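Enquirer: Right, I'll just put the structure down here and ask away after.
The values are calculated or read from the model by the stated rules, or taken from the named source; none is laboratory data. Bear in mind the structure is a predicted one, so any value in this text is a computation, not a measurement. Positions of Cβ are backbone-derived with ideal geometry, glycine not excepted, and every protein chain shown enters the neighbour counts.
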Amino acid sequence: MGLFIVGGETAAPLARVAFSDAHLERDVQVWVNQCPAMINAGSPMLPLGMEIPTKHGLSIDNLFLDGNGALVAVEMKRGRAPREVIAQILEYASFISGLEWDAVDQLSHKVHGRPAEQAFGSFFGRPLSKASKPTFRLVIAAESFDARVFESAVLLINTGMPLALMTFTYFRVGNAEVLETATLLGDIPAQAPSSAISSAGLPTPIPTASQDSTALPGAGNGYNAWLFSNLARKLTELAEQKGWSLRSKVNQMSLPFAETSWPLPFGDFHFRVDVHKAGVVSLRLHFRTDAAPGLPEFLIAHQAEWSGVFKGVMAKSSSVTPNTLITATVPQPAMGDQDAVGRTFDEVAKMTEALTPLIRRYFVEIKSMSPHKNNN
């Protein structure tokens, strides 16, 4: 997906500008401290300060309490993040994993003039639980990453380290400056529902994501986390463009999604992207055969309408619960190759746009289908 400047009868792509040519690392630290949602999937966080000293001479660029009450340590890099950033983030992990709530209260006092429990309660409108030691997660944000950072980050995520890599892209439009952020690898957990505090001191509702992010596989498979988080973001953008009411859920090995209006349970009827086969990404329409009587025959009868766009092959499983699938495969993109992810998503979009109109017609035209309650 690209960003474009439009006006009147003209349109032009929005050109990226190197952030490091115009700004210092300190600038992005200040912006994120003022607006933590930039690196938290649009959700607010309570700032606990910048340049927090650790035990061994390093300083945490930004520290926050997120809406779940977890400490979030952030390392900012202007330009390309070198491999040394992994050593820095490990020291941050060592430091904040040893913090007790009294140390967090001291940080909160410096910034907000009161302990963390009071500041959190005022900011989020609910109590902060101190029943156990503070949990934590880590974020590295940069314009780009050395390939060795990716490799090390995947290893850390696979061992359970709560780490996410994020990119920021800088644009200049006339006198305005635009910063776009995106999660490249790992998990930004869903935040508990809350109200942020606006500049006027009034509660402001926080928009919620349309996808289920609680199952994002950040601790299970670093490659899958990177791939599925990117595809899910692009899928949400496509749904918004098409006016499609979307339900999606990122699992450890797959990304199922469906229209919320389809009158069948999500688990019985959905599109799916998965990586169960080595070296390829599988794109599927997957449904329980008995839940959608007549649909396989309907799709075969209308095959000319979709097979020219989506090169899928229909098959039926021999499992205890028979399923019908239309499946195509594409090569797995290499870690960090955003162009390859874009090509993969182009095929996801073709599958969705070719089959969705037929599925809608099926629900309207097949009168013999038994009614099902929508369990989405």
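Enquirer: Which condition number in (1) in contact (Cβ under 8 Å) with a residue 24 or more places away in the chain; (2) part of a strand (DSSP E or B) is the one that THR236 fails?
Expert: (2)
Enquirer: Checking the structure you have, find out if any residue of segment 185-194 is at pLDDT below 65 and of a type in the set (Val, Ile, Thr).
Expert: Checked segment 185-194: no residue is at pLDDT below 65 and of a type in the set (Val, Ile, Thr).
Enquirer: Hey, could you check segment 132-160 for residues that are assigned to a strand (DSSP E or B) and among the hydrophobic types (A, V, I, L, M, F, W, C) and say which is surrounded by the most Cβ atoms within 10 Å (Cβ to Cβ)?
Expert: Kept after step one, since they are assigned to a strand (DSSP E or B), are these residues of segment 132-160: 136-145.
Next cut, among the hydrophobic types (A, V, I, L, M, F, W, C) only: 136, 138-142, 145.
Working: PHE136: 19, LEU138: 24, VAL139: 25, ILE140: 28, ALA141: 24, ALA142: 24, PHE145: 22.
Checked segment 132-160; the qualifying residue surrounded by the most Cβ atoms within 10 Å (Cβ to Cβ) is ILE140.
Enquirer: Regarding segment 333-346, can at least one residue be identified that is at pLDDT 90 or above, in contact with a strand residue (DSSP E or B) (Cβ under 8 Å, 6 or more places away or on another chain) and of a type outside the set (A, V, I, L, M, F, W, C)?
Expert: yes
Enquirer: Can you pull out the residues in segment 308-348 that are among the hydrophobic types (A, V, I, L, M, F, W, C) and within 30 Å of ASP146 (Cα to Cα)? Lay out the reasoning, then the answer.
Expert: Filtering segment 308-348 for residues among the hydrophobic types (A, V, I, L, M, F, W, C) gives 309-310, 313-315, 320, 325-326, 328, 330, 334-335, 340-341, 345, 348.
Answer for segment 308-348, where residues must be among the hydrophobic types (A, V, I, L, M, F, W, C) and within 30 Å of ASP146 (Cα to Cα): VAL330, ALA334, MET335, ALA340, VAL341, PHE345, VAL348.
Enquirer: Scan segment 303-333 residue by residue and report those that are part of a loop (DSSP other than H, G, I, E, B) and closer than 15 Å to ALA354 by Cβ. Lay out the reasoning, then the answer.
Expert: Step one: of segment 303-333, the residues part of a loop (DSSP other than H, G, I, E, B) are 307-312, 317-322, 332-333.
Matches in segment 303-333: SER307, GLY308, VAL309, PHE310, LYS311, GLY312.
Enquirer: Next question. Is it true that ALA291 is in the same structural domain as PRO256 (by TED's automatic domain parsing), among the aliphatic types (A, V, I, L, M) and surrounded by 14 or more Cβ atoms within 10 Å (Cβ to Cβ)?
Expert: yes
Enquirer: Just one of (1) within 26 Å of TYR223 (Cα to Cα); (2) modelled with pLDDT of 90 or more trips up ALA278, so point out which.
Expert: (2)
Enquirer: For segment 26-69, which residues satisfy the criterion of being modelled with pLDDT under 90 and hydrophobic (A, V, I, L, M, F, W, C)?
Expert: Those that are modelled with pLDDT under 90 and hydrophobic (A, V, I, L, M, F, W, C): VAL28, VAL30, TRP31, VAL32, CYS35, ALA37, MET38, ILE39, ALA41, LEU58.
Enquirer: For GLN118, which of the numbered conditions (1) in contact with a strand residue (DSSP E or B) (Cβ under 9 Å, 6 or more places away or on another chain); (2) assigned to a helix (DSSP H, G or I); (3) of a type in the set (S, T, N, Q) fails to hold?
Expert: All conditions pass for GLN118, except number (1).
Enquirer: Okay, moving on. Would you call LEU227 under 13 Å from the mean Cα position of the chain (by Cα), buried (at least 18 other Cβ atoms within 10 Å of the Cβ) and at pLDDT 85 or above?
Expert: no
Enquirer: Continuing with this model, one more query. Given the structure, is LEU90 modelled with pLDDT of 90 or more and either crowded, with 20+ Cβ neighbours inside 10 Å or under 21 Å from VAL154 (Cα atoms) (or both)?
Expert: The answer is yes for LEU90.
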